[in-house]
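Peer 1: Have a look at this one before I ask anything.
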Amino acid sequence: MGKELINYLSEYITPERKELFEKVLSSRTRYLTVVLEDIYQSQNASAVMRSCDCFGIQDVHIIENQNQFKVNPEVTLGSTKWLNLHHYREKEQNTMDCIHHLRNQGYRIVATSPHANDTNLEDFDLRKGKAALIFGTELTGISEIVENNADEFLKIPMLGFTESFNISVSAAITLHHLNLRLRQSNIDYLLNDDEKDDIHLAWLRKTIKRAGLIEKKFHEDNMKAI
């Protein structure tokens, strides 16, 4: 039924948009996911969202302990429309809630940090399995909770006096490098067919005007045909 509904709704978009959806879906991944912990500058968080979309990352996890996540539309350019955003803001320990959730999904918890014992980006082992990349708040970086519960630490080698990049730059460099390596590997990192169908359907619903009414007609017509 899912594919039939996708085909039905696809009649309400242009052939060019249909082709674009299929092309983008063919490169989407959940092998890597991004976690933003307490980002307070909307332009930074929004720039990370844009990078995630550009590099094929489907899911972004947003921890809101002290700072509420806000989208800057001039920066995102609509990219959040195509991502799955997961918010953690209802509990006392939002960071641990996120970590537990990701671990239950089979992710390694990878904290990005300039600590001396971290793994350099080019040495990060992608074959060990799925990785959730945590980027901390602008001034202080990852929280002590993340530091104490991370499975691994990751850093971008730097040659200057400044010890860290801006968070949005950090995320873009990291995602570009890891995405390139994934595409050059034989790792099975792409979405499976069911995941593609779920996301495809969500995108169609967001794109088509009055999609709910059109979908209702689809189900009514199918019921009549039974």
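Peer 1: If you take every residue apart from THR80 with its C-beta less than 10 Å away from the C-beta of THR80, what net charge results, scoring Lys and Arg +1 and Asp and Glu -1?
Peer 2: Local net charge: +1.
Peer 1: With Kirkwood radius over Cα pairs in Å defined as stated, name the option among (i) 17.4; (ii) 19.5; (iii) 18.9 computed from the structure displayed.
Peer 2: Identified label for the calculated read-out: (iii).
Peer 1: Something else about it: Which of HIS176, MET223, PHE55 sits closest to the plus end of the dipole of the chain, meaning its Cα is farthest towards the positive end, when Lys and Arg get +1 and Asp and Glu get -1 on the C-beta?
Peer 2: Checked the options; the winner is MET223.
Peer 1: Further, regarding this structure: Dipole of the chain (Lys/Arg Cβ +1, Asp/Glu Cβ -1, origin at the Cα centre): which of GLN66, MET158, SER26 lies farthest to the positive side?
Peer 2: Result: SER26.
Peer 1: Please list LEU182, LEU20 from largest to smallest accessible area, probe radius 1.4 Å, with all protein chains kept in place.
Peer 2: Largest accessible area first, the list is LEU20, LEU182.
Peer 1: In addition: In what sequence, largest accessible area first, do TRP82, TRP203 appear using a 1.4 Å probe?
Peer 2: Reading off the accessible areas and sorting them downward yields TRP82, TRP203.
Peer 1: Count the net charge of all other residues whose Cβ sits under 12 Å from the Cβ of CYS98, scoring Lys and Arg as +1 and Asp and Glu as -1.
Peer 2: Around CYS98, the surrounding residues sum to -3.
Peer 1: Taking 8 Å as the Cα distance limit and 6 or more residues as the minimum spacing, I'd like the relative contact order of the chain as a percentage.
Peer 2: Relative contact order for the chain comes out at 26 percent.
Peer 1: Using C-alpha positions alone, give me the convex hull volume of segment 144-209 per residue in cubic angstrom.
Peer 2: Taking only Cα atoms, segment 144-209 has a hull volume of 196 Å³ per residue.
Peer 1: Tell me, what is the 1.4 Å probe accessible area of ASP118, in Å² to the nearest 10?
Peer 2: Counting only protein heavy atoms, ASP118 exposes about 20 Å² to solvent.
Peer 1: Given a 1.4 Å probe and heavy atoms of the protein chains only, how would you sort ILE13, ILE145, largest accessible area at the top?
Peer 2: ILE145, ILE13
Peer 1: Something else now. With angles folded into 0 to 90 degrees, how steeply does helix 193-207 sit against the dominant principal axis of the chain? Use alpha carbons for both and round to 10.
Peer 2: With rounding to tens, the tilt is 80 degrees.
Peer 1: Next up: Consider all pairwise Cα distances in segment 1-59 and report the whole-number % of them above 14 Å.
Peer 2: When every Cα pair of segment 1-59 is considered, 67 percent fall beyond 14 Å.
Peer 1: Averaged per residue, what accessible surface does the chain expose to a 1.4 Å probe, in Å²?
Peer 2: 56
Peer 1: Roughly how many debye, to the nearest 20, is the charge dipole of segment 1-67 about its Cα centre, given +1 on each Lys and Arg Cβ, -1 on each Asp and Glu Cβ, and no other charges?
Peer 2: 200
Peer 1: In addition: With +1 on each Lys and Arg Cβ and -1 on each Asp and Glu Cβ, and nothing else charged, work out how big the dipole of the chain is about its Cα centre, in Debye to the nearest 20.
Peer 2: The dipole magnitude comes to about 800 debye.
Peer 1: Any idea what the relative contact order of segment 1-132 is, in percent, if you count C-alpha pairs under 8 Å spaced at least 6 apart?
Peer 2: 23
Peer 1: While we're on this one: Are any of the pairs LYS91/LYS216; LYS91/LYS209; LYS18/LYS91; LYS23/LYS128 more than 30 Å apart by Cα-Cα distance, and if so, which?
Peer 2: LYS91/LYS216; LYS91/LYS209; LYS18/LYS91
Peer 1: Let me check against my output: what whole-number percent is the relative contact order of segment 87-160, with C-alpha pairs under 8 Å and at least 6 apart?
Peer 2: The normalised contact order for segment 87-160 reaches 41 percent.
Peer 1: Let me ask you something else. Separation of segment 177-197 and segment 79-104 by C-alpha centroid, Å?
Peer 2: 22
Peer 1: Could you give the angle, 0 to 90 degrees to the nearest 10, between helix 15-25's Cα long axis and the longest principal axis of the Cα atoms of the chain?
Peer 2: Approximately 40 degrees, to the nearest 10.
Peer 1: Give, rounded to the nearest 20 debye, the magnitude of the charge dipole that segment 59-169 has about its Cα centre when Lys and Arg contribute +1 at Cβ and Asp and Glu contribute -1 at Cβ.
Peer 2: I would put it at about 380 debye.
Peer 1: Ranked highest first by average number of other Cβ atoms within 10 Å, how do 92-101, 128-137, 155-164, 44-53 line up?
Peer 2: With the highest mean Cβ count within 10 Å placed first, the list reads 44-53, 128-137, 92-101, 155-164.
The values are calculated or read from the model by the stated rules, or taken from the named source; none is laboratory data. Not measured: the values here are computed from a predicted model. When we count neighbours, we look across all protein chains shown, and the Cβ atoms used for this are built from the backbone with ideal geometry, even at glycine. To get the accessible areas, we keep the full protein, side chains included, count just its heavy atoms, and leave off ligands, DNA and RNA. Shrake-Rupley method; radii C 1.70, N 1.55, O 1.52, S 1.80 Å.
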